[in-house]
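Below: one structure, written as structure tokens.
The values are calculated or read from the model by the stated rules, or taken from the named source; none is laboratory data. Given the structure is predicted, the values throughout are model-derived calculations rather than measurements. Every residue, glycine as well, gets a Cβ built from its backbone with ideal geometry; the counts of neighbours run over all protein chains shown. Please note that ligands, DNA and RNA were not included when accessible areas were found on the heavy atoms of the full protein model with its side chains. Shrake-Rupley method; radii C 1.70, N 1.55, O 1.52, S 1.80 Å.
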Amino acid sequence: MASNQTGISSILVGYSVILGIVGDIVRVQVSEAKSGNGAAPCLEDLAVVEAVDGSLSLAQVIGIKRDVVALQVFGGTRGISTDSTVRFLGHPMQASYSHNILGRVFRGTGEPIDGGPDLSNDPKVTIGGPSVNPMRRVLASKMIRTNVPMIDVFNCLVESQKIPIFSVSGEPFNQLLARIGIQADADVIVFGGMGLIFDDYYFFRKAFEEAGMFTRTVMFVNQASDPVVERLLIPDLALAVAENIAVDERKRVLVLLSDMTAFADALKEVSIAMDQVPANRGYPGDLYSQLASRYEKACDYAQGGSVTILTVTTMPGDDVTHPVPDNTGYITEGQFYLHNGVIDPFGSLSRLKQHVIGTVTREDHNQIMNTMIRFYSQAKDAQQKQAMSFELSVFDQKLLKFGQLFRDRFMDINVSLPLEQALDLCWQTLGECFEPQELLMKQGLVDKYFPRSKATTNPTPTNATPTNATP
């Protein structure tokens, strides 16, 4: 991208008083006499740094203090000296936006890296704008089906929701994120990868291609070998494109971002280089605002179209009080906990699921969801009793059987079932383990959905109550 600035850089005003270079940060003095002509640099504006040998590097304004402007050089400051010249382009980072971007892969500077046709002449959109006016939003009321039972049945993903996957290194969170993207009933997938190793980047691209959905996918990728500063631009690039697709084409867009902890770590590196006063664990004091400004782009637009954001947030040391997951929890509408290769039903939460359960889903959804989680909680207690060699009741044995079936049939992230089939499987599992009177559910739902063979062979006495079950 920097090479495309050769022509315009020759006609821009150049500033050659470079005060210092620290890491990827260049500080340049911009005299008020020169900047008073209306071309003064603004925060987040782009600039071109021309080295002595004529090579060009793209940079972004990240700080202004009187007549000193701090620039973050995307490609690093190697080869840049105090004899270099800085020219400001007068606009912030822009992303290519047209029908040609579908099926393409871009890096953190917006340049294509897939070897496809050049898009430099395509229309551009500015990234990093404000979130949508609340008057243009509508209340979330539509479900995004993922065919992952632990999500669809127990913690529905709702259109316009912002929700992270909390996990730790070594867990298959990227595999889960890819599966959700492939199986979700969204019109367009916008993927943003930050600090990905090549294997992970190749995995996502291959997964989307093999699923036949690459033609409706846009990828923005920052690999571990790329400049760290580009990680800060990946979410803004992905969200700017997603917003325009949702508004202009009225499509349901699902944004997948991995990993927001890498994004926060890049923020920390920049703040340290800028000599900012560190906050908790060295992260900048505006970490919450930086995360919120991205997450709040999730929206269901009144005129049509929506943006839903699903991210990965790895927790260093499995510590949920770490600044990144801790701040994220205050911003998002729930979270999915991925531990030991499964989505934990107790730590996971979707705060918007009540908008769709029982209204756009089947009438028994709410009751079956609560009953399954209640029995699984009791099954965990029965497992503890068994581990401590306590005597188990007949009902405890039923709970142990249910717990094993629940883990095998629902908690495995490789299980793929449409919602209605998953609900039927819930009733089947309950029928294999319990009597109808032990469910403590609405009798009308039990009569309608409980497996008839079990209900016939084990008729429910009118005055029967479960002796070992607890509500």
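See the values below:
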quantity	calculated
Extension reserve of the Lys65-Gln443 stretch, reckoned as 0.36 nm per residue once the Cα distance is removed	129.1 nm
In order through the stretch 420-428: 3J(HN,Hα) via Karplus (6.51 cos²θ - 1.76 cosθ + 1.60), integer Hz, x for Gly, Pro	5, 5, 5, 5, 4, 5, 4, 4, 4
Proximal aspartates and glutamates relative to Lys380, as straight alpha-carbon distance under 13 Å, when same-chain residues fewer than 8 apart are discounted	Asp344, Asp396
Extension gain (nm, one decimal) between Asn280 and Glu210, 0.36 nm per residue minus Cα-Cα	20.9 nm
For the stretch 58-95 and the stretch 207-285, distance of Cα centres in Å	21 Å
Cα-based reach from Lys385 at 17 Å (exclusive), listing lysines while leaving out same-chain residues under 8 positions away	Lys398, Lys401
Asp248-Ala302 pseudo-label distance in nm [points 7 Å out on the Cα-to-Cβ vector]	2.3 nm
In nm, spacing of pseudo-spin labels at Thr359 and Asp381 (7 Å Cα→C-beta vector)	3.3 nm
For Ile64, distant residues with modelled amide H under 5 Å away	Ala70
Whether the stretch 111-216 is rounded, prolate or oblate, judged on the alpha carbon gyration tensor where a/c under 1.5 counts as rounded	oblate
The stretch 27-172 - Rg over Rh from alpha carbon coordinates, Kirkwood radius	1.09
Phi to ³J(HN,Hα) by Karplus 6.51 cos²θ - 1.76 cosθ + 1.60 over the stretch 275-283, Hz, x for Gly, Pro	6, 7, 5, x, 9, 4, 6, x, 6
Spatial separation of Cα centroids for the stretch 374-427 and the stretch 351-365, in angstrom	23 Å
Using a Förster distance of 60 Å, the FRET efficiency for Gln397-His99 (Cβ separation, nearest 0.05)	0.50
Full-extension gain in nm, Gln421 to Arg137, via 0.36 nm per residue minus C-alpha separation	99.0 nm
Share of carbon and sulfur in the accessible heavy-atom surface of the chain [1.4 Å probe, %]	50 percent
Efficiency of FRET from Cβ geometry, Asp319 and Phe390, R₀ 35 Å, rounded to 0.05	0.60
Nearby lysines by direct alpha-carbon distance to Lys142 (threshold 30 angstrom, same-chain neighbours under 8 apart not counted)	Lys162, Lys206, Lys251, Lys297, Lys353, Lys442, Lys448
Distant-in-sequence amide H partners of Met194 (H built 1.01 Å from N, under 5 Å)	Asn222, Ser258, Asp259
